[in-house]
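Structure record follows, encoded as structure tokens.
The values are calculated or read from the model by the stated rules, or taken from the named source; none is laboratory data. Given the structure is predicted, the values throughout are model-derived calculations rather than measurements. Note: ideal-geometry Cβ built from the backbone for every residue, glycine included; neighbour counts use all protein chains shown.
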Amino acid sequence: MIDDWVGHLHSRRDSPVSRLPAVFKLGVGLIIIVGTVLAPPRAVGWYVGAAMFLLITAVLSRIPPLFLLRRLAWLSPLILGVALVNALQPAARGSWMTVAAKSTICLLTIILVSNTTPFSRILRVLKAVRVPGLLITTLALMHRYLFVLVEEAERMRRARASRTFTHQRGARWQTLSTVVGQLFLRASERAERIYDAMCARGWK
Amino acid sequence: MHIPDGFIDGKTAGVTALLAVAGAGLALRQTRRRLAPRRVPLLGLAAAFLFAAQMVNFPVAGGTSGHLVGGVLVAALLGPSAAIVVLTTVLIVQCFLFADGGVLALGANVFNMAIIGAAGGYAIYRLVCRWLPGTRGQVAGVAFAGWCSTVLASICCAGELAWSGTVAWPAGFTAMAGVHMVIGIGEGLISALVFLAIRRMRPDLAGEISRPAPPRQWSELVGYGLLAALGIAIFIAPFACPWPDGLESVAARLGFDQKAVHQIVRTPASGYQVPGVRWAAGATAVAGAAGTLVVFGLALLLARSLVREPEEDSHPSRP
């Protein structure tokens, strides 16, 4: 399970795209996404153009194509589900193709931006556009401790699984929720220690 | 329930972004005013906790599993404003780091899951707590609010998709509400079990961290209530009202109610008196209300079976 999530992030490698400034990448990504969302269904030229641009960027960014395809496939079930619901509705049969094209282009854009830009750079851009400091602090701490807590959850789950020899569903729900509760307690105790550490380093 | 980009159009994205910015801004202001500086890192850690808690899979049946989403749980533990900040953070990270949920759809996702899901769920939780005091009321409140918030958020999601013209309202509403009425049971159950576990291990933590005085807790919710009402009026009301007309058009297309349709064409006002249509809309409302009551009863039963009354405030004795 943990591999699933960590596998969502590609290990960073140097490429012409990753060296571009974060503001530029976020700006271009936003333009592509806004343009794609607002483009009328018949504007095939825009979709083809955006897709070509993204493909060229993908090649330049040196992200393995298989990784990109896997990420797209992981995020597509909802798109397929909506397409299915719409396919059952005779009136809306044409429009779901547009929706699928739009969301695929937008998905590819975010995947490319997030895999070539460190999250701290994105935070710096958010800070520059006057996002409140409390939100920035929370975002930074979440990003920092995300994988720490995911690993901790995985360790606790494994420890529990190696000690509990029952297949009763009710009992397993009880123990698993104790694990989740314990995870919250550990997170809040860690938060106390982090606060002390932050103060020791001169945080206001 | 994360809406990707391309599913909602420009106007929906704009309106939801405005609502979300207003809600998150209000929540940030309230949090900054009420939260002790010592507790500030807890927001980030709670967000990371929610993310990690979603890794723990609960076995359901036949090899499938479910996991916690946790909006109501965090709201019950930290209070509504902190919960909105935490969930907004989770949604931003999921969007920018994992491409889960769109950039332009971020406003819609924040509105559905943070404002409707967490703050709305918190209001329901407080109502149940007021009606049924003690640990039992809290557990029943978390369970019931967990279910309600899941279903409400999914209905808002269906409304936004319908307003954008992506999925027609009747199909989207039935699919989203139907699926999430089932998913919500798991969410309510897990939230209640985790809440009870935390309460047993650290009774001091399972209150609210920002501890405002009781009357101000409700005033804290007024702003979010207004935003939620505004959103519901925009996204859902237009579809909920003309719903009979939608059914009429279906009836007309299928051709089984020619007489009634002719009658409507002659006298428009009688459209709402077609017995079949009124019965269908009424039946949906009755079914929804009955389902909600059943879930409320289940939440009470769950709390009754999990919490023994004499055990309250004494040390836990369950194995």
Q) Given the conditions (1) polar (S, T, N, Q); (2) touching a helix residue (DSSP H, G or I) at 6+ places or on another chain (Cβ under 6 Å); (3) without any contact (Cβ under 8 Å) to a residue 40 or more places away in the chain, which single one is not true for A:Thr104? A) (2)
Q. Taking segment A:176-204 on its own, how many of its residues are among the aromatic types (Phe, Trp, Tyr) and surrounded by fewer than 17 Cβ atoms within 10 Å (Cβ to Cβ)?
A. 1
Q. Which numbered condition trips up A:Val180, out of (1) within 13 Å of B:Val194 (Cβ to Cβ); (2) over 29 Å from the mean Cα position of the chain (by Cα)?
A. (2)
Q. Is it fair to say B:Ser149 is small (Gly, Ala, Ser), over 18 Å from B:Asn109 (Cα atoms), surrounded by 24 or more Cβ atoms within 10 Å (Cβ to Cβ) and touching a residue at least 60 places away in the same chain (Cβ under 8 Å)?
A. no
Q: Those residues that are among the hydrophobic types (A, V, I, L, M, F, W, C), at the interface with chain A (Cβ under 10 Å from one of its Cβ atoms), assigned to a helix (DSSP H, G or I) and within 17 Å of B:Thr284 (Cβ to Cβ), I need them from segment B:167-192; list them, please.
A: B:Ala171, B:Ala175, B:Met176, B:Val179
Q. Restricting attention to segment A:107-136, which residues are within 7 Å of another protein chain (Cβ to nearest Cβ), in a helix (DSSP H, G or I) and in contact with a Leu (Cβ under 8 Å, 6 or more places away or on another chain)?
A. A:Leu107, A:Ile111, A:Ser114, A:Phe119, A:Ile122, A:Leu134, A:Leu135
Q. Of B:Ala13, B:Ala47, which residue is touching a residue at least 40 places away in the same chain (Cβ under 8 Å) and in contact with a helix residue (DSSP H, G or I) (Cβ under 6 Å, 6 or more places away or on another chain)?
A. B:Ala47
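Conditions tested, residue by residue: (1) at pLDDT below 85; (2) over 30 Å from B:Arg130 (Cβ atoms); (3) within 10 Å of chain A (Cβ to nearest Cβ).
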{"position": "B:Gly23", "(1), (2), (3)": "no, no, no"}
{"position": "B:Gln30", "(1), (2), (3)": "no, no, no"}
{"position": "B:Pro37", "(1), (2), (3)": "yes, yes, yes"}
{"position": "B:Leu50", "(1), (2), (3)": "no, no, yes"}
{"position": "B:Gly62", "(1), (2), (3)": "yes, yes, no"}
{"position": "B:Leu87", "(1), (2), (3)": "no, no, no"}
{"position": "B:Ile92", "(1), (2), (3)": "no, yes, yes"}
{"position": "B:Phe96", "(1), (2), (3)": "no, yes, yes"}
Q) In segment A:152-175, what residues are of a type in the set (D, E, K, R), buried (at least 16 other Cβ atoms within 10 Å of the Cβ) and either at the interface with chain B (Cβ under 8 Å from one of its Cβ atoms) or within 26 Å of the chain's Cα centre (by Cα) (or both)? A) A:Glu152, A:Glu154, A:Arg157, A:Arg172
